[in-house]
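Visitor: Can you keep this structure in mind? I'll have questions shortly.
The values are calculated or read from the model by the stated rules, or taken from the named source; none is laboratory data. This one's a predicted model, so the numbers in the text were calculated from it and none came from an experiment. Cβ placement follows ideal geometry from the backbone for every residue including glycine, while neighbour counts extend to all protein chains displayed. Just so you know, the surface numbers come from the protein's heavy atoms only, side chains and all, with ligands and any DNA or RNA stripped out. Shrake-Rupley method; radii C 1.70, N 1.55, O 1.52, S 1.80 Å.
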Amino acid sequence: MAKDVEGVRDGGAFTAKDYVDPPPAPLVGLEELSKWSLYRAVIAEFVATLLFLYITVATVIGYKRQSDPSGNNTDAACGGVGILGIAWAFGGMIFILVYCTAGISGGHINPAVTFGLFVARRVSLARALLYVVAQCLGAVCGVGLVKGFQKAYYVRYGGGANELAAGYSKGTGLAAEIIGTFVLVYTVFSATDSKRNARDSHVPVLAPLPIGFAVFMVHLATIPITGTGINPARSFGAAVIYNTDKAWDDQWMFWVGPFIGAIIAAAYHEYVLRASAAKALGSFRSNA
């Protein structure tokens, strides 16, 4: 691995920086299939996504039950945790789970994040595919636990499934998913940048925090539109267990939108923001 020479002038010369960019991951990565570390990471992604869906969907169902005027004496507008609480549940769980699993699997917990990192050659195709399968299975199991523990409320209050809200066009819903996922994946790239890790020793501890806040903020903006997907596994797991026509009719939106957003975020970070390193390298060579 070559040391990145993007630097600052020191007496007219460029000085090398104190960080090393990791080499690109293998494109296919079949050799990883023989390593236990890969399967340990896949298990971590499965469990993390299961826990994520269990807590968040249970929060959604609980809020809808508490704010239902037909079953409570409290004011529906003031009952339960509210939209803010739901957004905190999603953002907070991502913060916790990324912190817990980052050192094992990278803490993706989202096929769109995995796809974005694959596009940027941070993970191999074999690892990416296994991660996506584990995330989707974990999501199905997590929502299944919610239904198993509170079936009556689960069915009555929509199962936490993502659906396009009335009054919004499919184009608006798709745009919301694209932009929301861009915010998330862009934050992931920025928070895990090798430059930042080298220059700020506290960042490896704090990296899950901005990622969790990104999820929180996107939920505030898009819950009224699509219920906020930005995570194909989250939308898929809820649709499988709830299994209604409406949930499946809109399902494409919660895959296409996040994947487009992930591609844009990866391209923006790698080829626009990180292009400054290539420019500095060219300048360094031209002065040599």
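Visitor: Failed condition for GLY160, given (1) of a type outside the set (Lys, Arg); (2) out of contact with any Asp or Glu (no Cβ under 7 Å at 6 or more places or on another chain); (3) open to solvent by 10 Å² or more (accessible area, probe 1.4 Å), with all others met?
Guide: With (1) of a type outside the set (Lys, Arg); (2) out of contact with any Asp or Glu (no Cβ under 7 Å at 6 or more places or on another chain); (3) open to solvent by 10 Å² or more (accessible area, probe 1.4 Å) applied to GLY160, the lone miss is (3).
Visitor: With respect to ALA134, determine if the residue is of a type in the set (Gly, Ala, Ser), modelled with pLDDT of 95 or more and surrounded by 21 or more Cβ atoms within 10 Å (Cβ to Cβ).
Guide: When the stated conditions are applied, ALA134 passes them.
Visitor: Then there's this: From the list GLY171, GLY138, which one is over 13 Å from ASN110 (Cβ atoms), outside any loop (DSSP other than H, G, I, E, B) and of a type outside the set (Ser, Thr, Tyr)?
Guide: GLY171
Visitor: Now, a different point. Kindly indicate whether ALA175 is more than 21 Å from GLY62 (Cα to Cα) and at pLDDT 95 or above. Full working, then the answer.
Guide: Details: more than 21 Å from GLY62 (Cα to Cα): yes; at pLDDT 95 or above: yes.
It is true that ALA175 is more than 21 Å from GLY62 (Cα to Cα) and at pLDDT 95 or above.
For (1) touching a Phe, Trp or Tyr at 6+ places or on another chain (Cβ under 6 Å); (2) more than 20 Å from CYS141 (Cα to Cα); (3) modelled with pLDDT under 95; (4) not aliphatic (A, V, I, L, M), each residue gets a yes or a no:
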site	(1), (2), (3), (4)
HIS219	yes, yes, no, yes
ALA233	no, no, no, no
VAL240	no, no, no, no
ALA247	no, no, yes, no
ASP250	no, yes, yes, yes
TRP255	no, no, no, yes
ILE260	no, yes, no, no
ALA278	no, yes, yes, no
PHE284	yes, yes, yes, yes
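Visitor: Of the residues ILE94, ILE109, ILE104, ILE86, which single one is open to solvent by 60 Å² or more (accessible area, probe 1.4 Å) and hydrophobic (A, V, I, L, M, F, W, C)?
Guide: Just one listed residue meets the conditions, ILE104.
Visitor: Hey, another quick one. If the requirement is being at pLDDT 95 or above and open to solvent by 60 Å² or more (accessible area, probe 1.4 Å), which of these qualifies: LEU184, LEU206, LEU125?
Guide: So the residue among LEU184, LEU206, LEU125 that is at pLDDT 95 or above and open to solvent by 60 Å² or more (accessible area, probe 1.4 Å) is LEU125.
Visitor: Another question, then. What do you reckon, is ILE241 closer than 16 Å to VAL183 by Cα and not basic (Lys, Arg)?
Guide: Here the answer is no, as ILE241 does not meet what is asked.
Visitor: Every residue in the range 131-173 that is among the aliphatic types (A, V, I, L, M) and farther than 22 Å from GLY261 by Cβ, please.
Guide: LEU137, VAL140, VAL143, LEU145, VAL146, ALA152, VAL155, ALA166
Visitor: Scan the range 137-154 residue by residue and report those that are out of contact with any Leu (no Cβ under 7 Å at 6 or more places or on another chain), open to solvent by less than 20 Å² (accessible area, probe 1.4 Å) and within 15 Å of SER235 (Cα to Cα).
Guide: Residue satisfying the conditions is VAL146 alone.
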